[in-house]
Amino acid sequence: MKRALLTGGNGFVASHLARALLERGDAVTVLELAPRPRSGLTLQGIRDEVELVEADLRDAERVGATVTANEFDVVFHLGAQTLVGPAMADPITTFETNVRGTWTLLEACREADVPAVVVASSDKAYGPSDRLPYREDMQLRPASPYEASKAAADVIALSYFPAYGVPVGVTRFANIYGGGDANFSRLIPETIAALLDGRRPQIRSDGSPERDFLYVDDAVAAYFAVEQAVGAGGPGAGEAFNAGGEQPHSVAEVLGTIAEVSGSGLEPEYLGIGNPAGEIDRQYVDSTKLRELTGWVPAVGLRDGLIRTLEWYRGHPQLRPG
Ligand SMILES: NC(=O)c1ccc[n+]([C@@H]2O[C@H](COP(=O)([O-])OP(=O)(O)OC[C@H]3O[C@@H](n4cnc5c(N)ncnc54)[C@H](O)[C@@H]3O)[C@@H](O)[C@H]2O)c1
């Protein structure tokens, strides 16, 4: 049986990953802040199947003690302050959580000789660029606090392989969506919640920005692929990997599809001109590196993924705000 440590396990993506780790037979330890209502582990029905360590990633002593007290086979680091707006309003807390929190964990992994470490960066770490699609060899040019925090964590994590031999792989995944995302400032959960509550979704742009969307099951599979590539002397150590849906979609296309499959008859309302300030206008990633090294491919197309996501929120009215 493998032992896995997962940070931020009550979050959207990590709670799906926790469930998948349990399904493959791992013993799972989750390092998280104090639980909130609507926590991911509870939504996934696995709260009692994982060992929960209540700790702040910035607490070097607690994090170090957790990692060294267990012989983890793999560490997945997803815990972070993940929202762009709060990062803009309060950059220091975001830097503390996302950058200090990452080096704190990496130091613990170095000390404990963890054989595989996967650190969540983001496609946002690249910052805005006219070169599309984004590839891993592009320079990171963050232009906002959230982007900078992910870019800083990303390069620090990658340095631990050449400097200390810690086998770290970094994930630069696109916008992940699916059931269980309680961050209702994000486009897809907010749109679905509005439609299910009988409101017209209000969008801060004119619908023209293009994004890359990755269904959460495909993101989990990509995490496993990076883990495989990184561990046991694999070629993924010290490398960053994109993963996305292989095709960009405009915000208007996504909203139109959700509105259509919801059968609500409500039309989205576009409030902005172009792209909201501080957000990247067009972004999609090239996943060739991960695909060629591991065979990973996304299996769920946008329409199918949106139908599944809508059904999930329909079946979990307690998660919706308001
Ligand atoms: N959701 C996406 O579209 C997306 C895309 C690319 C990358 N990512 C990255 O993937 C990871 C997971 O994203 P998500 O959308 O599931 O985020 P989320 O906000 O749902 O979950 C983050 C979790 O981290 C925990 N956390 C925050 N501060 C902490 C601290 N100081 N100590 C311990 N835990 C702390 C939170 O309690 C939360 O449960 C993040 O690192 C994010 O940057 C997400």
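The values are calculated or read from the model by the stated rules, or taken from the named source; none is laboratory data. Predicted, not measured: the structure shown is a model, and the values here were computed from it. Methodologically, a virtual Cβ is constructed for each residue, glycine included, from the backbone with ideal geometry; neighbour enumeration extends over all protein chains shown.
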Please indicate, with yes or no, whether at least one residue in region 129-150 is surrounded by 21 or more Cβ atoms within 10 Å (Cβ to Cβ) and under 28 Å from ARG3 (Cα atoms).
yes
Unmet requirement for ARG291, which otherwise passes all of (1) over 19 Å from the mean Cα position of the chain (by Cα); (2) free of Cβ contacts under 8 Å to residues at least 12 places away in the same chain
(1)
Can you tell me how many residues in region 166-211 are over 20 Å from GLY315 (Cβ atoms) and not in a loop (DSSP other than H, G, I, E, B)?
12
How do the pairs read when you match residues in region 178-201 that are under 13 Å from PHE12 (Cα atoms) with residues anywhere that are within 15 Å of the ligand (Cβ to nearest atom) and assigned to a loop (DSSP other than H, G, I, E, B), using Cβ under 6 Å and keeping only pairs 6 or more apart or on different chains?
ALA182/ARG38; PHE184/PRO321; PRO189/ASP181
Restricting region 20-46 to residues that are of a type in the set (Lys, Arg) and within 13 Å of the ligand (Cβ to nearest atom), which is farthest from LEU105 (Cα to Cα)?
ARG38
In region 170-193, which residue that is over 17 Å from TYR215 (Cβ atoms) and surrounded by fewer than 24 Cβ atoms within 10 Å (Cβ to Cβ) is nearest to the ligand (Cβ to nearest atom)?
ALA182
With respect to VAL99, determine if the residue is closer than 20 Å to PHE76 by Cα, buried (at least 24 other Cβ atoms within 10 Å of the Cβ), in the same structural domain as VAL168 (by TED's automatic domain parsing) and of a type in the set (Val, Ile, Thr).
no
Find the helices (runs of 4 or more DSSP H) located wholly in region 1-118 whose residues include 2 or more that are under 22 Å from VAL226 (Cα atoms) and touching a strand residue (DSSP E or B) at 6+ places or on another chain (Cβ under 8 Å), and list them.
12-23, 101-112
Check off (1) under 23 Å from ALA148 (Cα atoms); (2) within 11 Å of the ligand (Cβ to nearest atom) for VAL53 and give me the number that stays unchecked.
(1)
Quick one: would you say ALA143 is closer than 27 Å to ASP212 by Cα, in a loop (DSSP other than H, G, I, E, B) and either within 13 Å of the ligand (Cβ to nearest atom) or not basic (Lys, Arg) (or both)?
yes
Of these, TYR313, TYR270, TYR284, which one is over 21 Å from the mean Cα position of the chain (by Cα), buried (at least 17 other Cβ atoms within 10 Å of the Cβ), at negative phi and of a type in the set (Phe, Trp, Tyr)?
TYR270
